[in-house]
Amino acid sequence: MSTLGEKVKNIRSKNAGPFWITIDIFCGNKKVYDDICINLNNLDVANLLMIDSKNLKRFEIENLKVIKFSFPRNIIQGNIYDRDMHGAQLGILLSEMSY
Amino acid sequence: MKSTKVLVPSGVLGLGFDLKALNTGIKNKPDIIAIDGGSTDSGPFSLGSGTSKYSRAAVKEEWKSLMKAREQAKIPLIIGSCGTCGTDSMVDWMEEITIELAKELNQNLKIAKLYCEQQKHYIKINYKNNKISSLNPAPHLNLSLIDEMTHIVALAGAEQIHECFKTGADIILAGRTSDTAIISALPLMKGADPGASWHGAKIAECGALCSSNPTSGVVLVEFDEFGFNVEAMSKNAFCTPDTVAAHMLYENADPFILLEPGGYMNVTNACYYPINSSKVRVEGATWHPSKNYNVKLEGARIVGYQTSLLVLLRDHYYVKNVIEWTEKLSNFMKKEIKLRMKLDISDYCLDFRHIGMNSTLGDLEKKEGNPVEIGVLCIVTSKNNNISTEIAKLINPFLLHFPLTVNEELPTFAFPYSPVHSDRGCVYEFSLNHLLQLNNPMDAFQIQISEV
């Protein structure tokens, strides 16, 4: 079973202000982009991130071959239970998900 | 119309940039040098405490290079969000550094300071008058929450920077400002296309992050009435349509829309064309003014005082059973804290993290490894510094010697340093994600002029 990270060019995540996190999936080419647009569903991503899928925003940016997910942080940046202030390690979960 | 050129030396002052690239930038005859001083990205401590994330030495050295470049080019130099958080104290801190450097460099300067910090009573009046609205998601605002905040700032936009330009200052030291406004302000004033002015500003706000070589820092953006050109100034950096367009995604929840004071920008129809191997032309973004003039508010409050302890477990038996060990230790400590300090579990917070296991992702971690050792980080938070230190000292001997079962030899784990407990002082929390509606853009801001 291969992973999403092996399929695409790059996956990165980052804070978008203290209240949001955004994940960019750079697919690299049209074929991979089209495949992921169809086969990567929001519910699987939301379950992986333990968030309500209603709060997951999805953007498909064809000219860049990017699929982007944004969602409100469960824990505000820097709160006492926050583990990753910049949210930049979260993208690894998507990289390692089976695809 | 003559184009307007903005030279952006780096994404933030204090992170470094290529001096040769800065020099190339100056040779291109920019109309202004614009740099950011920070944002909320480093966490709530900077705003909560009103201090800079970056070292004074790094900030001063880089600011010196920029002040010399400004003197050579005879153009204005602007910094937004002074000292990471853009409080009034940080604007004054940047002024102090600027005055020291002006003396060292023998420069005569007119300095405009834009103050963006908000008084609690002013925020309360606006709250009562329904002039404050929530963004999504936002902490629930009330008067007592406003009272708890140590610093509140409003993000200035292009309008407040225009007022600074009108003073004819050589150097503008702005408090908290939208990352983009320090770049968009001049082209907007000179009649460049508003959509392009904001779009180009967003692309260049992190310096050369929109190029192939992010650490080189310096980019030049040239704005006109139809669009903008962006070019990296380092020999080893290239802007391509992909690197430029990709930057719209960065730290942006919505890749098409950017909310700014006074309206929003939409890049849905933007087109990116290569001009040569290192320069990109962009057109097509649109600007949509809003009915009301809103500025974003940021605030931080104290949530407690922290003390942390770190212990290292190398013994295979304990590494294997670390979750059970931590649960037993945690339960035991709660009883001890109740017995000896008369504190209930609601009076403090005890958090254990397992470094080497899942300390980064917590419950989200899917992988299981076979670590040779585990670091157990114990974080104590309470309402009082002394209480957190006392709890940590109470935990200390048990963290060192706690056995998994009663019938075994007392273990001794590894403490990496002495003292074992580290008082982390005050910890803060971001408490505002709101908009403040203003009748006049300058209502919540003040400008002061000084000469050196």
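What follows draws every value from the coordinates through simple rules; no lab data is involved. Since the structure is predicted, the reported quantities are computational estimates derived from the model, not experimental observations. Methodologically, a virtual Cβ is constructed for each residue, glycine included, from the backbone with ideal geometry; neighbour enumeration extends over all protein chains shown.
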Here the FRET efficiency for B:Lys291 versus B:Lys366, based on Cβ atoms and R0 = 35 Å and rounded to 0.05, is 0.15
Assuming R0 = 25 Å, can you tell me the calculated FRET efficiency for the pair A:Glu96 and B:Glu327, based on Cβ-Cβ distance, to the nearest 0.05?
0.40
Binned at 10 Å from 0, what are the whole-percent values of the Cα-Cα distance distribution for chain B, short to long?
4, 19, 24, 21, 16, 11, 4, 1, 0
Counting other beta carbons within 10 Å of each Cβ, put B:Phe430, B:Phe332 in order, fewest first.
B:Phe332, B:Phe430
For chain A, with a Gaussian network of springs between Cα atoms less than 10 Å apart, report the residue from A:Asn47, A:Asn29, A:Asn74 with the top mean-square fluctuation.
A:Asn47
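Are there DSSP H segments in chain B that both extend 24 Å or more along their axis (alpha-carbon positions) and score a mean Kyte-Doolittle hydropathy of at least -1.0? List them, or say none.
Values: long enough: B:56-73 (25 Å, -1.07); B:88-105 (25 Å, -0.05); B:322-341 (27 Å, -0.45); B:385-401 (25 Å, 0.31).
Those that pass (Cα extent of 24 Å or more, hydropathy at least -1.0) are B:88-105, B:322-341, B:385-401.
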What share of all Cα pairs of the range B:324-440, in percent, falls into each consecutive 5 Å distance bin?
2, 9, 16, 18, 18, 15, 8, 4, 3, 2, 2, 1, 1, 0, 0
Distance between the C-alpha centers of the range B:222-290 and the range B:172-207? Whole Å please.
12 Å
Near B:Lys338, which aspartates and glutamates are there with a Cα under 20 Å away, not counting those fewer than 8 places off in the same chain?
B:Glu327, B:Asp347, B:Asp351, B:Glu390
Ranked from fewest to most other Cβ atoms within 10 Å of their own Cβ, A:Cys37, B:Cys85, B:Cys116, B:Cys206 fall in the order A:Cys37, B:Cys206, B:Cys116, B:Cys85
What is the dipole size for chain A, taken about its Cα centre, with +1 at each Lys and Arg Cβ and -1 at each Asp and Glu Cβ, in debye to the nearest 20?
220 debye
Chain A: most fluctuating residue of A:Lys54, A:Lys65, A:Lys30 per GNM, C-alpha cutoff 10 Å:
A:Lys54
Relative contact order (percent) for chain B, with alpha-carbon contacts under 8 angstrom and 6 or more residues of separation?
20 percent
Which whole-number percent is the relative contact order of chain A (Cα, under 8 Å, 6+ apart)?
40 percent
Can you give the FRET efficiency for B:Asn129 and B:Leu259, using 1/(1 + (r/R0)^6), R0 = 35 Å, r = Cβ-Cβ distance, to the nearest 0.05?
0.95
Need the C-alpha centroid separation for the range B:73-110 versus the range A:1-56, integer Å.
42 Å
How high is the relative contact order of the range B:390-452, in percent, with contacts defined as C-alpha pairs under 8 Å that are six or more residues apart?
21 percent
Of A:Tyr81, A:Ile36, A:Val66, which is farthest on the positive side of the dipole of chain A, counting Cα position, with +1 on Lys and Arg Cβ, -1 on Asp and Glu Cβ, and the Cα centre as origin?
A:Val66
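Calculate the translational D of the protein assembly as shown in whole µm² s⁻¹ from Stokes-Einstein, where the hydrodynamic radius comes from the Kirkwood formula applied to all Cα pairs, the temperature is 4 °C and the viscosity 1.567 mPa s.
In µm²/s, the coefficient is 51.
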Alpha carbon centre of the range B:326-354 versus the range B:374-452: separation in Å?
16 Å
Assuming a ≥ b ≥ c are the square roots of the Cα gyration tensor eigenvalues, decide whether chain A counts as rounded (a/c under 1.5), prolate (otherwise, with a/b larger than b/c) or oblate.
prolate
The range B:1-49: Rg/Rh from Cα coordinates, Kirkwood Rh?
1.13
Anything over 22 Å Cα to Cα? Flag those among B:Lys5/B:Lys166; B:Lys74/B:Lys235; B:Lys27/B:Lys279, in the order listed.
B:Lys74/B:Lys235
Summing -39500 (n - 2.57) over the DSSP H runs of n ≥ 4 in chain B and dividing by its residue number, what mean residue ellipticity at 222 nm do you reach, to the nearest 500 deg cm²/dmol?
-9500 deg cm²/dmol
Footprinting exposure proxy for A:Lys57, B:Lys131, B:Lys29, B:Lys5 (fewest neighbouring C-beta atoms within 10 Å first):
B:Lys29, A:Lys57, B:Lys131, B:Lys5
Once you put a point 7 Å from the Cα of B:Cys271 and another 7 Å from the Cα of B:His140, both along the Cβ direction, what distance in nm separates them?
5.1 nm
